[in-house]
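Enquirer: Dumping the structure here so I can ask a few things about it.
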Amino acid sequence: MIFYFSATGNSKYIALKIAAETKEEAIAITDCVKNQKFTFEVKKTERIGFVTPTYFWGLPSIVREFLEKLELRIPDSGCPYLYHVATFGTTTGQVGRMVDEFLKMKGLALNGRFSVQMPDTWTPVFNLTDKEKVEKINRKAEKQIADVAGKIKRELAGDFSRRKVPAFVAQLFYPQYEKARETKHFTAGDSCIGCGLCAKKCPVEAIEMRDGKPVWIKEKCTLCLGCLHRCPKFAIQYGSRTRNHGQYVNPNVKGQEL
Ligand SMILES: Cc1cc2nc3c(=O)[nH]c(=O)nc-3n(C[C@H](O)[C@H](O)[C@H](O)COP(=O)(O)O)c2cc1C
Ligand code: SF4
Ligand code: SF4
């Protein structure tokens, strides 16, 4: 069983690649949260994976909510192999450790921690307009994905994640996510054609269509930037710097439900 959260496809693509390798089912965390399904029966021989993006060197809030509520019904004899794969652009910070902390509250622990570097979808800072550069990052990721999937199949134990920072440094940076999550930073411009895709796809139902335009109805969202990256007209912006930094959806899962 592989639980994944993905707004722009990187984590979904990797979850599907691992699922193909281990012959296990990939389940979208967004669906679990929308359907309020948090209890799962686990088979004795099963591996339990979590594949998530890194946000502000930690976990997206929707993944936090899922992990808080998650209940794994594990057979008495034996504990499954548990792992986390962080997808990230530049720095994983302490994201694996955060997953481990949630599991520890349930008397469980991660056996394997992994990471794969992908295009960085945090476009208030990073620029994704250079298509060749983006393709190069995705090409380079293939080797990392194969390596991670191989280690998971062999149930290797250990922390194999890259680009970490000391816990006390991550603890200083991660709180900035809370302010950044305020939806007042979003705007929809005149190029909006009122298709409603942003509202339909928002994982936390933070957008409503009113008079043919998106309106952010919640004070905070999970800040996945899915609305910005997947808008067919690139009408949504976050602050003043995203306009010149382009849009991105992982080319291998483009057009799929994420
Ligand atoms: C709000 C936000 C914050 C992010 N913070 C980080 C970060 O701290 N470190 C990092 O390396 N990448 C960061 N990223 C980049 C994503 O983790 C990365 O692009 C990921 O692969 C996106 O996954 P997805 O396509 O499955 O949604 C951030 C992206 C977003 C939207
Ligand atoms: S996805 Fe883009 S074009 Fe469609 S309603 Fe939302 S902002 Fe408008
Ligand atoms: S409003 Fe946009 S950025 Fe926020 S959670 Fe919804 S889709 Fe993601």
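The values are calculated or read from the model by the stated rules, or taken from the named source; none is laboratory data. Source: prediction; values computed, not measured. Note that each Cβ is placed from the backbone with ideal geometry, even for glycine, and that neighbours are counted across all protein chains shown.
Enquirer: Being in contact (Cβ under 8 Å) with a residue 60 or more places away in the chain, farther than 26 Å from residue 126 by Cα, charged (D, E, K, R) and within 16 Å of ligand 3 (Cβ to nearest atom) is the filter here; which residues of the range 1-57 pass it?
Expert: Residue satisfying the conditions is 34 alone.
Enquirer: For the subset of the range 182-225 comprising residues that are surrounded by fewer than 22 Cβ atoms within 10 Å (Cβ to Cβ) and among the hydroxyl-bearing types (Ser, Thr, Tyr), which member is nearest to residue 88 (Cα to Cα)?
Expert: The selected residue is 183.
Enquirer: Mind checking which pairs have a first residue in the range 119-132 that is under 14 Å from residue 237 (Cα atoms) and modelled with pLDDT of 95 or more and a second that is of a type in the set (Ser, Thr, Tyr) and assigned to a loop (DSSP other than H, G, I, E, B), Cβ under 7 Å, 6 or more apart or different chains?
Expert: That search, which allows pairs on different chains as well, returns 121/8; 121/248; 123/242; 124/242.
Enquirer: Follow-up question, since we're still on this one. Is it the case that the range 122-133 has a residue that's within 23 Å of residue 66 (Cβ to Cβ), surrounded by 12 or more Cβ atoms within 10 Å (Cβ to Cβ) and out of contact with any helix residue (DSSP H, G or I) (no Cβ under 8 Å at 6 or more places or on another chain)?
Expert: So the first thing to find is which residues in the range 122-133 are within 23 Å of residue 66 (Cβ to Cβ), and the list is 122.
Filter once more, keeping what is surrounded by 12 or more Cβ atoms within 10 Å (Cβ to Cβ): 122.
Pick out the ones that are also out of contact with any helix residue (DSSP H, G or I) (no Cβ under 8 Å at 6 or more places or on another chain) and you get 122.
Yes: one or more hits.
Enquirer: Within the range 219-239, does at least one residue satisfy the condition of being free of Cβ contacts under 8 Å to residues at least 12 places away in the same chain and either within 15 Å of ligand 2 (Cβ to nearest atom) or within 21 Å of residue 5 (Cα to Cα) (or both)?
Expert: Within the range 219-239, none of the residues are free of Cβ contacts under 8 Å to residues at least 12 places away in the same chain and either within 15 Å of ligand 2 (Cβ to nearest atom) or within 21 Å of residue 5 (Cα to Cα) (or both).
Residue-wise test of (1) more than 10 Å from ligand 3 (Cβ to nearest atom); (2) among the small types (Gly, Ala, Ser).
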residue	(1), (2)
189	yes, yes
192	yes, no
202	no, no
219	yes, no
233	yes, no
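Enquirer: In the range 119-148, which residues are part of a helix (DSSP H, G or I) and within 16 Å of ligand 2 (Cβ to nearest atom)?
Expert: Listed by number, the list is empty, since nothing qualifies.
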